[in-house]
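What follows is calculated from the coordinates using simple rules that are stated; it is not laboratory data. On a predicted model such as this, the values are computed, not experimentally measured, just so you know. A quick note on method: Cβ atoms are made from the backbone with ideal geometry, for glycine too, and the neighbour counts reach across all protein chains shown.
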Amino acid sequence: MAGGEVPVSVRWIGGADGHLELLDQTRLPGAIEWRECRDVASVIEAIRSLRVRGAPAIGIAGAYGVVVAAGEALRAAQRPVEARVRLLASAEEIAAARPTAVNLRWAVERVLATLPVAPADIATLRATALREAVAIHEEDRRLCAAIGRHGADILPAGDVLTHCNTGALATGGDGTALAVITTAWADGRRFGVWADETRPLFQGARLTAWELVERGIPVTVLVDSAAGHLLATGRIGSCIVGADRIAANGDTANKIGTYALAVLAAAHGVPFFVAAPSSTFDLTIADGSAIPIEERAAAEVTSPWGVTVAPAGAAAFNPAFDVTPARLVRGIVTERGVIAPVTAAEVGRVLGRG
């Protein structure tokens, strides 16, 4: 883009009677297209089809989705109580659109918690929901900046290897793991960034590489299976990734392939970091074994982007996420500081819930 600025991925257009717009990430890097979401069905479709992706961005989209749901209820219901019932049902559909990323349900429930139980009029529901959705969006911008600062302060020397996309496209600000990288670069540090292409949907190649090119930061894309070889060369000083849900003990669910990368990093003595806001932690689950793992369509593996790469009749295993044990993580960078060592006690201490 002109000026080298990475666009935001989620935006609300207009006032309480406005609509949600999402940058269609399935079209990047070839085209920059915005999709209007004026009804709940379009919000859910955008989340499920990965037009919007990245745990924080999904959460923000879900929060604005509640405002869209309030607009639908306004048009369909005659009484405030009836509108609220319709709104709650639609909000649950939005929250369940993707099961692994905890930010989605967290954001939807946070907006719902602000709504009056007995609203005086239907329009009040929509205006109240919008205020909270905007607050969540603004908070994420600040959280990204804090994560970038905390992470840049501890990022070891050397090139950085990352997986999937954790930048502005995945959040409401500059990103999580990618914000660490861009903040360190802004501080004057110079290094190369290596981006796993992140199969089967290539978020690293399509999205992370695009963001870094736009920012003028050197990036090299590699196939996921080349990460072990790269780490063995000694070029990589650290690995840093994002997260979609983190258990109370620090076990981390992230894009499929993250666990393998963490194992390879440990085998080569390379520190492995996770960067995520506190809203990504799910302290209701003790460890990663309780994190639900979304499984996606076989066609993403057998026919990526419409190109057939497997014979007809072949089955496909396509989990969208895997879980990296806390013992493989050197530290988790949050807006409240760095969790290290990664233990349940340290998670509680840094998050202020110990």
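Extending 7 Å from the Cα toward the beta-carbon at both Arg189 and Arg353 defines two label points whose distance is 2.9 nm.
Neighbour counts of other Cβ atoms within 10 Å put Asp287, Asp24, Asp17 in the fewest-to-most order Asp17, Asp287, Asp24. Quick one: net charge of Ala266's neighbours, Cβ under 11 Å, K/R +1, D/E -1? With Lys, Arg at +1 and Asp, Glu at -1, the neighbours total +2. Relative to the longest principal axis of the Cα atoms of the chain, helix 122-154 runs at roughly 10 degrees. Of the residues Ala16, Val85, Cys37, the one whose Cα sits farthest towards the positive end of the charge dipole of the stretch 2-141 is Val85 (charges of +1 on Lys and Arg Cβ, -1 on Asp and Glu Cβ, taken about the Cα centre).
As a proxy for reagent exposure, His163, His229, His268 were ordered by neighbouring Cβ count within 10 angstrom, fewest first; the result is His229, His268, His163. On the beta carbon distance between Ala232 and Arg149, with R0 = 35 Å, the FRET formula returns roughly 0.65.
Along the chain, counting only trypsin sites (Lys or Arg not before Pro) with a DSSP assignment other than H, G, I, E or B and at most 16 other Cβ atoms inside a 10 Å radius, the longest segment between sites is 39-188.
So how tilted is helix 102-113 from the main axis of the chain? Cα-based, degrees 0 to 90, rounded to 10. In the chain, helix 102-113 runs at an angle near 30 degrees to the longest axis. Mind pulling the angle between the C-alpha long axis of helix 177-186 and the longest principal axis of the chain? Nearest 10 degrees, somewhere in 0 to 90. Value to nearest ten degrees: 70.
Return the FRET efficiency for the residue pair Thr308, Thr220: r is the Cβ-Cβ distance, R0 is 30 Å, and the value is rounded to the nearest 0.05. About 0.60, to the nearest 0.05. Computing FRET efficiency as 1/(1 + (r/R0)^6) for Asp287 and Arg336, where r is the C-beta to C-beta distance and R0 is 25 Å, gives about 0.70.
In the list (1) 61, 46, 42; (2) 65, 50, 39; (3) 67, 52, 43, the label attached to Cα extents along the principal axes in Å as derived from the coordinates here is (3).
For the pair Glu109 and Ala41 in one chain, pulling the backbone fully straight at 0.36 nm per residue adds 22.6 nm over the alpha carbon distance. Using the rule -39500 (n - 2.57) for each DSSP H run of four or more residues, divided by the residues of the chain, the 222 nm mean residue ellipticity is -12000 deg cm²/dmol. Extents of the stretch 2-141, taken as max minus min of Cα coordinates on every principal axis and listed largest first, are 47, 30, 26 Å.
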